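Participant: Dropping the structure in here first, questions after.
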Amino acid sequence: MLGSDVIQAEAICLGDDINTDLIIAGRYLRTKDAQIWADHVFEDLDSTLHTRLKGSIIVAGTNFGCGSSREQAAIAIQKAGVKAVVARSFARIFFRNAVNIALPLFEVPDIACHERDRITCVLKTGEITIQDGTGKIVTYQAYPLSERMIEIISLGGLVPYIEKRLSSRVPL
């Protein structure tokens, strides 16, 4: 049985410079309905991509989440059912927005992956294992997350983290 810090899924592969406008177009930001965002996530990149995201792990190139600081981008990905995002690099504000809503991210500068490869990500260690269609297995090491970031993700986001700290009177 997998621990709660182990995430397994098939890869959905994207390229470099996937900006927040490609993740969720501005025309959908007039609503606060996260399901609408999920239904239209990546629509301008591939109009059918949202139908394949549930239960997957996105693997992308450099600069994932660049562009505006809209937190709706991370929410749309999570609401669409993506389990985690692995990328060569992330825009810092997207990275923090994702941590704050408990969307696990793994930054791996030398990641190589193909669509539908099987991926295992370990939150606490940052170990990423990719098994391709032939059975070949390659292991990568993501940059480590801080203990606090791991705790925020494990508790379900920044709000539950703060609530827990305040209820137990532990300093933030």
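Participant: Would you mind counting up the charge near L49? Only other residues with Cβ under 12 Å from its Cβ, with Lys and Arg at +1 and Asp and Glu at -1.
Facilitator: Charge balance near L49 sits at -3.
Participant: Given Cα pairs under 8 Å that are at least 6 residues apart, what percent is the relative contact order of region 1-47?
Facilitator: Dividing the mean separation by the residue count of region 1-47 yields 35 percent.
Participant: Counting each DSSP H run of 4 or more residues in the chain as -39500 (n - 2.57), what helix-only mean residue ellipticity at 222 nm follows after dividing by all residues, to the nearest 500 deg cm²/dmol?
Facilitator: After summing the helix terms and dividing by the residues of the chain, the value is -7000 deg cm²/dmol.
Participant: Assuming R0 = 22 Å, what is the FRET efficiency of S154 and E10, from their Cβ-Cβ distance, to the nearest 0.05?
Facilitator: It comes out at approximately 0.40.
Participant: Still on this structure: Mind pulling the per residue volume of the convex hull built on the Cα atoms of region 12-127? Å³ is fine.
Facilitator: It comes to 91 Å³ per residue, whole-number rounded.
Participant: Do me a favour and compute the ellipsoid semi-axes for region 11-80 from its Cα gyration tensor, root of five times each eigenvalue, largest one first, whole Å.
Facilitator: With the √(5λ) rule applied to region 11-80, the semi-axes are 17, 14, 10 Å.
Participant: Can you tell me the relative contact order of region 39-172? Whole percent, Cα pairs under 8 Å, sequence separation 6 or more.
Facilitator: Value for region 39-172: 18 percent.
Participant: Given labels modelled 7 Å from the Cα in the Cβ direction, how far is it in nm from I162 to T48?
Facilitator: 4.2 nm
Participant: Consider all pairwise Cα distances in region 51-101 and report the whole-number % of them above 12 Å.
Facilitator: 61 percent
Participant: Something else: Quick query: amide H of A91 versus all other amide H atoms, modeled in the peptide plane; which residues come in under 5 Å with a sequence gap of 5 or more or a different chain?
Facilitator: F64, G65, C66
Participant: A follow-up question, please. Stick to Cα atoms and the Kirkwood definition of Rh, then tell me Rg/Rh for region 65-172.
Facilitator: Here the Rg-to-Rh quotient is 1.01.
Taken together, the values in this text are just the output of simple stated rules run on the coordinates, not laboratory data. Remember, predicted model here, so these are calculated numbers, not experimental data. Every residue, glycine as well, gets a Cβ built from its backbone with ideal geometry; the counts of neighbours run over all protein chains shown.
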